[in-house]
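Colleague: Got a structure here, written out as structure tokens. Questions coming.
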Amino acid sequence: MSNYHIKHLEEYYQVYRKSVRNPEGFWEEIAEEHFVWRKKWDNVLSWDFSKPEIKWFEGAKLNITENCIDRHLPTRGEKTAILFEPNDPNEEAQHITYRQLHERVCRMANVLKEQGIKKGDRVCIYLPMIPELAISLLACARIGAIHSVVFAGFSANALATRINDSDCKLVLTSDGSYRGGKSIDLKGIVDKALEDCPGVESVLVVKRTNSDIEMKEGRDQWVQPLLNDAYADCVAEIMDAEDPLFILYTSGSTGKPKGMVHTTAGYMVYTAYTFKNAFQYRENDVYWCTADIGWITGHSYIVYGPLANGATTIMFEGVPSYPDYGRFWEVVEKHKVNQFYTAPTAIRALAKENLDFVEKYDLSSLKVLGSVGEPINEEAWHWYNNNIGKKHSPIIDTWWQTETGGMMITPIPYVTPTTPTYATLPFIGVQPALMDDEGKEIKGNQVSGRLCIKFPWPSIARTIWGDHDRYRDTYFSAYKDMYFTGDGALRDAVGYYRITGRVDDVIIVSGHNLGTAPIEDSINEHPAVAESAIVGFPHDVKGNALYGYVILKETGESRDRENLRKEINQQITEQIGPIAKLDKIQFVPGLPKTRSGKIMRRILRKIASKDTSNLGDTSTLLNPEVVKEIMDNAL
Ligand code: 6R9
């Protein structure tokens, strides 16, 4: 029996039991059979969640790009590895074969080397969804540099914070980017960010929009001439299994983003294995994940997971609404997409539009539909199932996180019977637990609690860059010997999991994780603002939208409220990015606080959601009078 490709439910249970009974043996077998190693490991796993320290395949030597590219060359050299679909449907799609990818990655790797980038150096990648983005990740991995991709929708300020946190020496960017009918001055954003980044020595610029940009002498260079001159082959650096592969920032409960560190071997094994099974990928299938590589979904399931399987993976530069709301389905028809992976927020946005946008296109190639990023509500699930899957393509609702590196709870299509809004069963090797407030595990079914994972899986993040204490405090201190996810979940009568949402200070807006703290910090920097608190409230497209409660300073009291609202959102846009803008801003005389001075967000959430019939326990509230005042003036 091959454990690599699960084909029916009984087999899932069998393989699952095996993976839990003997995780080392199980993952060792997968690693042996499906990857190329320069040297095998001395030890499959050592771990201690109290430190925390987790090592998979210790002693092994490899290069992930040999697994994602080189080993496919003899059999798949002429197969399309990356299929690039540009923003403008009239611009021709590009088919990049595995052989061409090899050459382009090698050239880019050599360019990085010429710029002085060595193994272990950090490289910041701030690029739109163009082939050079995937190529840059792989080029870093080729030479053992650690990539830190920053989503190209983040502001200059957010970019600078991330560059400095991990001391990046080089930034890869483009002159600009296209998003629907707009073009964005990416290079201008980089220039602004770099005013505060003394450690950056060079900037390589990809030409995309041909816009007029400034090139700083001695720092900035166009990358294309360098690529043309570079040697087309590059020997892969031999890496240790636990060498960092990349850093990717995610929001946390303080103002500082957390640079999650993923290492090489475990990440490769797990993303490849989950990709194969969760999408039931077969040779010659065309796979499309609509995420941006700036997020973990793009890292794991546009680049590494698919390429490790020799798949054809689509990179889409555009947006679902351009040139009209039929774009996704036009692309599905055009490239005969077999597996389609998107976010609930996109589904909800498209479900609002006329069905003609869907029905114009032939979607018969689709075999598997995926969802990721936030809970998928029942209505969106049915719309996706009825209109896109035509009730015969299973929907996999995949729950996972930047920190987990790969999918954790997901149906296996054609194997696990699906239920709307349920992520269903743990993936092979994943051992979830639900915990109560006292720190005890809640056993049995038809229960709910805080979702933890009891045992390490190969792609768990190993630390937070430069702050191991924070890694321990955030994920391993709430419950002894458990990884705490920050999510709540329920387990139903048959053992299926349903994720009920964050139980911490993270709010998911349009599938993007936003921490309340950095947004509040940014609001509080406005000269008229004394203090603020933000919460999420239900929104029919974004899932959640942001509601801000703002206390003004005396000097702000006389200001025009509408102007203040605009200025506050402008400030957030500049410091974080437009994704963090507030939908509603209520000016309040005070915030409900506990005696220990903590803002009672639970109450603010209820007011924002217009659900004030029962505010719950308010006995620890220091200032109950302010609650009534806020309720009376709620927006
Ligand atoms: C992959 C990714 C992680 C958080 C996670 C949870 C939410 C993701 C979900 C889901 C319900 C799903 N989330 N997938 N909630 N159902 N299928 O999104 O990583 O950006 O780090 O977000 O997203 O709250 O904790 P990341």
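The values are calculated or read from the model by the stated rules, or taken from the named source; none is laboratory data. It should be emphasised that the depicted structure is a prediction, and the values quoted were computed from it without experimental measurement. Note that we place each Cβ from the backbone using ideal geometry, even for glycine, and neighbour counts take in every protein chain shown.
Colleague: Name the residues in the range 397-417 that are away from the ligand (no atom under 12 Å from the Cβ) and either hydroxyl-bearing (Ser, Thr, Tyr) or buried (at least 24 other Cβ atoms within 10 Å of the Cβ) (or both), would you? Show your work before the answer.
Modeller: Applying the first criterion (away from the ligand (no atom under 12 Å from the Cβ)) to the range 397-417 yields 412-417.
Within the range 397-417, Ile412, Tyr414, Thr416 meet the criteria.
Colleague: Hey, can you tell me all the residues within the range 603-635 that are modelled with pLDDT under 85 and closer than 24 Å to Ile508 by Cβ?
Modeller: Leu615, Gly616
Colleague: Restricting the range 490-500 to residues that are assigned to a strand (DSSP E or B) and surrounded by 17 or more Cβ atoms within 10 Å (Cβ to Cβ), which is farthest from the ligand (Cβ to nearest atom)?
Modeller: Within the range 490-500, the first condition is being assigned to a strand (DSSP E or B), and the residues that meet it are 490-491, 497-500.
Within this subset, residues satisfying the condition of being surrounded by 17 or more Cβ atoms within 10 Å (Cβ to Cβ) are 490-491, 497-499.
Values: Leu490: 12, Arg491: 14, Tyr497: 9, Arg498: 8, Ile499: 4 Å.
Checked the range 490-500; the qualifying residue farthest from the ligand (Cβ to nearest atom) is Arg491.
Colleague: Let me ask something additional. In the range 536-568, what residues are in a helix (DSSP H, G or I) and either hydrophobic (A, V, I, L, M, F, W, C) or under 24 Å from the mean Cα position of the chain (by Cα) (or both)? Even if it seems obvious, please write down each step before you answer.
Modeller: Initial filter on the range 536-568 (in a helix (DSSP H, G or I)): 554-556, 561-568.
Passing the criteria: Leu564, Ile568.
Colleague: While we're looking at this one, here's another question. Could you check how many residues of the range 48-72 are under 16 Å from Asp481 (Cα atoms), basic (Lys, Arg) and surrounded by fewer than 20 Cβ atoms within 10 Å (Cβ to Cβ)?
Modeller: Of the residues in the range 48-72, 1 are under 16 Å from Asp481 (Cα atoms), basic (Lys, Arg) and surrounded by fewer than 20 Cβ atoms within 10 Å (Cβ to Cβ).
Colleague: Right, here's the next one. May I ask you to say which residue of Ser459, Ser448, Ser477 is more than 30 Å from Leu635 (Cα to Cα), of a type in the set (Ser, Thr, Tyr) and free of Cβ contacts under 8 Å to residues at least 24 places away in the same chain?
Modeller: Going through Ser459, Ser448, Ser477 in turn, the sole match is Ser477.
Colleague: Just to check your reading of the model, which residue among Tyr126, Tyr98 is touching a helix residue (DSSP H, G or I) at 6+ places or on another chain (Cβ under 8 Å) and within 14 Å of Val223 (Cβ to Cβ)?
Modeller: Selected residue: Tyr126, the only one of Tyr126, Tyr98 that is touching a helix residue (DSSP H, G or I) at 6+ places or on another chain (Cβ under 8 Å) and within 14 Å of Val223 (Cβ to Cβ).
Colleague: I'd like to know if the range 72-79 contains one or more residues that are acidic (Asp, Glu) and out of contact with any helix residue (DSSP H, G or I) (no Cβ under 8 Å at 6 or more places or on another chain).
Modeller: Within the range 72-79 (the criterion being acidic (Asp, Glu) and out of contact with any helix residue (DSSP H, G or I) (no Cβ under 8 Å at 6 or more places or on another chain)), the answer is no, since none of the residues qualifies.
Colleague: Here's something else I'd like to know. Looking at (1) in contact (Cβ under 8 Å) with a residue 24 or more places away in the chain; (2) out of contact with any strand residue (DSSP E or B) (no Cβ under 7 Å at 6 or more places or on another chain); (3) exposed (fewer than 13 other Cβ atoms within 10 Å of the Cβ), can you tell me which one Arg472 breaks?
Modeller: Looking at each condition in turn, Arg472 falls short on (3).
Colleague: Restricting attention to the range 475-489, which residues are under 18 Å from Ser448 (Cβ atoms), away from the ligand (no atom under 11 Å from the Cβ) and not aliphatic (A, V, I, L, M)? Quick ask: steps written out before the conclusion?
Modeller: Residues of the range 475-489 under 18 Å from Ser448 (Cβ atoms): 478-479, 482, 484-489.
Then drop every residue that is not away from the ligand (no atom under 11 Å from the Cβ), which leaves 478-479, 482.
Once the filter is applied, which keeps residues that are under 18 Å from Ser448 (Cβ atoms), away from the ligand (no atom under 11 Å from the Cβ) and not aliphatic (A, V, I, L, M), the range 475-489 yields only Tyr479.
Colleague: Then there is this: List the number of the failed condition for Ile519; all other conditions in (1) in a strand (DSSP E or B); (2) in contact with a helix residue (DSSP H, G or I) (Cβ under 6 Å, 6 or more places away or on another chain); (3) away from the ligand (no atom under 14 Å from the Cβ) hold.
Modeller: (1)
Colleague: For residues that are of a type in the set (A, V, I, L, M, F, W, C), touching a residue at least 60 places away in the same chain (Cβ under 8 Å) and closer than 18 Å to Asp240 by Cα, tally how many sit in the range 31-80.
Modeller: Residues meeting the conditions: 12.
Colleague: Right, something else. Do you know which of the residues in the range 608-631 that are in a helix (DSSP H, G or I) and in contact with a strand residue (DSSP E or B) (Cβ under 8 Å, 6 or more places away or on another chain) is surrounded by the most Cβ atoms within 10 Å (Cβ to Cβ)?
Modeller: Among those that are in a helix (DSSP H, G or I) and in contact with a strand residue (DSSP E or B) (Cβ under 8 Å, 6 or more places away or on another chain), it is Ala608.
Colleague: Inside the range 372-412, can you point out the residues that are within 24 Å of Tyr304 (Cα to Cα) and among the polar types (S, T, N, Q)?
Modeller: Passing the criteria: Thr398, Gln401, Thr402, Thr404, Thr410.
Colleague: Now for a different question. Give me the residue from the range 218-255 that is more than 26 Å from Gly429 (Cα to Cα) and within 16 Å of the ligand (Cβ to nearest atom) and, out of that set, farthest from the chain's Cα centre (by Cα). Break it down into steps so the answer makes sense when it comes.
Modeller: Going residue by residue through the range 218-255, those that are more than 26 Å from Gly429 (Cα to Cα) are 218-238, 251-255.
Within this subset, residues satisfying the condition of being within 16 Å of the ligand (Cβ to nearest atom) are 251-253.
Values: Ser251: 11, Gly252: 14, Ser253: 17 Å.
So the residue we want is Ser253.
Colleague: Do the conditions hold for Gly488, that is, is it more than 17 Å from Thr263 (Cβ to Cβ) and in contact (Cβ under 8 Å) with a residue 12 or more places away in the chain?
Modeller: Yes: the conditions hold for Gly488.
Colleague: Mind checking which residues of the range 501-514 are more than 8 Å from the ligand (Cβ to nearest atom) and either hydroxyl-bearing (Ser, Thr, Tyr) or free of Cβ contacts under 8 Å to residues at least 60 places away in the same chain (or both)?
Modeller: Val503, Ile507, Ser510
Colleague: Determine whether Ala461 is crowded, with 22+ Cβ neighbours inside 10 Å, of a type in the set (A, V, I, L, M, F, W, C) and either away from the ligand (no atom under 14 Å from the Cβ) or within 19 Å of the chain's Cα centre (by Cα) (or both).
Modeller: yes
Colleague: Any idea how many residues of the range 55-97 are of a type in the set (Ser, Thr, Tyr) and under 25 Å from the mean Cα position of the chain (by Cα)?
Modeller: Going residue by residue through the range 55-97, those that are of a type in the set (Ser, Thr, Tyr) are 65, 75, 80, 97.
From what is left, the residues that are under 25 Å from the mean Cα position of the chain (by Cα) are 65, 80.
Summing the residues that are of a type in the set (Ser, Thr, Tyr) and under 25 Å from the mean Cα position of the chain (by Cα) in the range 55-97 gives 2.
Colleague: Determine which member of the set Pro426, Pro394, Pro456 is within 14 Å of the ligand (Cβ to nearest atom) and not basic (Lys, Arg).
Modeller: Pro426
Colleague: Across the range 304-350, what is the total count of residues that are within 16 Å of the ligand (Cβ to nearest atom), more than 22 Å from Ile412 (Cβ to Cβ) and among the hydrophobic types (A, V, I, L, M, F, W, C)?
Modeller: 1
Colleague: Here's something else I'd like to know. Look at the range 529-563 and say how many of its residues are aliphatic (A, V, I, L, M) and under 23 Å from Ala156 (Cβ atoms).
Modeller: 3
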